[in-house]
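Asker: Below are the structure tokens for one structure; questions will follow.
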Amino acid sequence: MNLVELFRTNDAVTLSYLMAVLQDEGIDAVLLDQHTSVLEGSIGAIMRRVVVPEKDEEAARAILADIAPHELPEKKGEGA
């Protein structure tokens with residue numbers, strides 16, 4: 001199963017909310033770098049990443065656009 005990075009941040013509240021919403025929608029999201037982020041002392045050097053199965057990427061991006069449109073990362077391959 002291929003995973004796609006959906007979101008990256010150090011904001012614990014946003015991460016918790018996004019993971020809960022994705023789970024409620026039946027999307028099996030995974031939070032990466034959570035333990036590494038804590039080990040580095042929570043200075044913000046290592047962001048935690050939310051990844052989703054490739055098959056759920058479109059639905060997950062739509063959910064993210066509703067939750068945090070200002071933090072929506074540009075999808076790879078778009079733009080210049």
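Asker: How would you order 46-55, 23-32 from highest to lowest mean count of nearby Cβ atoms within 10 Å?
Answerer: Result, highest mean first: 46-55, 23-32.
Asker: Can you check what the net charge comes to around Glu25, using other residues whose Cβ is under 14 Å from the Cβ of Glu25 (Lys, Arg +1; Asp, Glu -1)?
Answerer: That sum, taken over residues with Cβ under 14 Å, equals -4.
Every number in this text was worked out from the coordinates using simple rules, so none of it is lab data. Keep in mind that what you see is a predicted model, and the values were worked out from it rather than measured. When we count neighbours, we look across all protein chains shown, and the Cβ atoms used for this are built from the backbone with ideal geometry, even at glycine.
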